[in-house]
Amino acid sequence: MISYRRRQMTAAGLLGIVQALPAMERTAREAIRLDERPAFPRATFPLSVWPGRRYLVDAAGAPFLIHGDAAWSLIARLTREQAGDYLSDRQRRGFNAVLVNLIEHEFADAPPRNRYGIAPFLRAGDFSQPDERYFAYADEVIGKAGENGILVLLAPAYLGFGGGSEGWYKEMQANGEGRIKAYGHYVARRLGRHANLLWVMGGDFNPPDKSLLGALVTGIREVLPKALLTFHGARGTSATDFLGTGESWFQISNIYTDSHNVVEKASAEFGRTAKPFFLIEGRYEWAEGIDARVVRLQAWQAVLSGACGQIMGNWAIWQFGNGWERALGGEASATMETLRMVLESLPWTRLLPDRRATLLTRGAGAGMARAVAAVTDDGHLGLVYMPSSREIRIEARALSGGSIQAHWIDPTHGRRQLAEPKTSGAQLWFDPPGRNAGRDGDWLLLLESAK
C-alpha cells in the first residue's frame, strides 16, 4: 500500500477527483478507443522461474510480463458481483495481475470483516481460529481472477506501515511462531488449489525480527513446496535489500520506490541479483499530485531498467472507496495498456538496460525526468523512454547491423510515426514531435537496425 500518507487526502479531495473524471476519461479514450484494444494472450498458470531467466514463465513456456493493478481491498471490501465486474474490467484493459490483501486490518467498511460482515478469525486476532466462511469467499474471488487470466499477488498477513495499526504485525507477535506457521498451513491448503497465485510476504514494513516471517513462509511451503513467494518491505527498499540472496524460498524480487528514484532502485536490483524482479509499488495516480504521466514513467523506467513487469495503482481503486467504478476508466488505466502492447510486440525478454549509457549518450536527465534505454542482447533493437520532451543523442554504433530505422511511439496509445534524426557521424540526434495524444511530453523511441 502507500503507507500512512494516503490518509492525507480528504474525502472532499477525492470527491473532486471523481467529479473531474469525465474529462480524464475523454483523454484516455482519445488515446485508446474501446474498439482498438488488442486481444492480449492469456497465461497458462502456474508461473515459474527458470534458471538464467530474468522473467517469469508460464506453464506453456511463454514469458509472462507482469502488468498489474493494486487492488489491496478487493477481497475485504467488494461483493462477489463487484469483484467480478472489477476483474472483468481489468482483463479487458490488458491487466494480467492484481495485488491483494487476503485479510484487511484497517481498510474495509468494518475491518477486519468483509462486505458480508464475516471476519477472518472466529476470535479477534487469533490466527489459530480462521473462519471458513471468510476464506471460502476469498477462494471464490481468487478463482474468478483465474477465470479472467489474472495472477493474484496475495498478501496472506499484511504487516502494515511501521508495524502499526494498518496491518497485523502486533497480532502476529501476540500469536507467536507456532500459530503463524499453522495459519500458513491453513491458507496454503485452503487456497493452494489455485494456480494463479504469487504469495506476497510482509507488507510496507521491514520487521526487525524475521522469525514470524519465516514461520509463515515455512507453513505455506510445507504444504505448497513449489509456491512462488516474494517479499514486500518498506518504501525505498527492494526485497533483496531486506532478505539478501540466501533464502531458498525467495525466488522473485521486487522494488518499492518513490516517483523520482525508479531507475536508481531498478538498476541497483539488476546489478545485485539475477532473480526476476518487478516494480511492486511506486506512487499512485491521484495521490500527492501524481497523474497518469507519472504512473507511466515509473512503469517504463522500471521495465527498461531490467524489471520483468510492474504494478500500477490508483488512489480510488486500491481501497475501493467512493468513485472506484468510474476510476476504472481513468487515464492511467487506459494508457498503461500501451506498455504491455508495445513490449509484447517486441522481443522484450532480450532487452538489457543501457546501464553504461552506450546507446543513450546525451539527454538522459535525472530523477523523475530520467530518460532510460535498453538494447536487445543481439544489438539489433533499442528502445528509449523519455518522461518529458528533450533532444537526445543516440550512439549508432551501440546497435549491430547496418542502417537504423527509427520510430516515435506515443506511450498513450501506441501509434508510431517515422523519426528523422539529425546526424553527425555515428551520432544521431532526435527531437520528439511535440505533445502526445494525452497532451503530455513523454515519448518512446524505437530503434531497429538491419539484420
Residue that is modelled with the lowest pLDDT [pool: residues in the range 429-449 that are surrounded by fewer than 22 Cβ atoms within 10 Å (Cβ to Cβ) and not in a loop (DSSP other than H, G, I, E, B)]: 449
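When you scan the range 48-153 for helices (runs of 4 or more DSSP H) that lie fully inside it, which ones turn up with 3 or more residues that are under 21 Å from residue 342 (Cα atoms)?
Result: 80-92.
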Filter result (in contact with a strand residue (DSSP E or B) (Cβ under 8 Å, 6 or more places away or on another chain) and under 17 Å from residue 250 (Cα atoms)) within the range 273-286: 273, 275, 276, 277, 278, 279, 280
Single residue of the range 360-414 satisfying the filter (of a type in the set (Ser, Thr, Tyr) and in a loop (DSSP other than H, G, I, E, B)) that is nearest to residue 335 (Cα to Cα): 412
Qualifying positions in the range 47-71 - hydroxyl-bearing (Ser, Thr, Tyr) and surrounded by fewer than 16 Cβ atoms within 10 Å (Cβ to Cβ): 48
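Under the condition of being surrounded by fewer than 23 Cβ atoms within 10 Å (Cβ to Cβ) and among the acidic types (Asp, Glu), which residue from the range 161-187 is farthest from residue 126 (Cα to Cα)?
Step by step, filter the range 161-187, then rank; the result is 177.
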Evaluation of residue 209 against (1) over 30 Å from residue 58 (Cβ atoms); (2) assigned to a loop (DSSP other than H, G, I, E, B); (3) modelled with pLDDT of 95 or more (one fails), failing number: (3)
Positions within the range 72-92 being of a type in the set (Ser, Thr, Tyr) and surrounded by fewer than 21 Cβ atoms within 10 Å (Cβ to Cβ), in sequence order: 79, 88
Residue match in the range 152-162 (condition: touching a residue at least 60 places away in the same chain (Cβ under 8 Å), over 16 Å from the mean Cα position of the chain (by Cα) and more than 19 Å from residue 281 (Cα to Cα)): no
Hits in the range 258-280 (condition: surrounded by fewer than 24 Cβ atoms within 10 Å (Cβ to Cβ) and in contact with a Gly (Cβ under 8 Å, 6 or more places away or on another chain)): 258, 259, 260, 261, 267, 270, 274
Qualifying position, being in contact with a Phe, Trp or Tyr (Cβ under 6 Å, 6 or more places away or on another chain), at pLDDT 95 or above and hydroxyl-bearing (Ser, Thr, Tyr), among 73, 48: 73
Spans of helices (runs of 4 or more DSSP H) in the range 290-329 with at least 2 residues more than 27 Å from residue 63 (Cα to Cα): 315-318, 324-327
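The values are calculated or read from the model by the stated rules, or taken from the named source; none is laboratory data. Note that the structure is predicted; figures quoted are calculated from it, not measured. Neighbour counts are summed over all protein chains in view; Cβ atoms, including those assigned to glycine, are modelled from backbone coordinates with ideal geometry.
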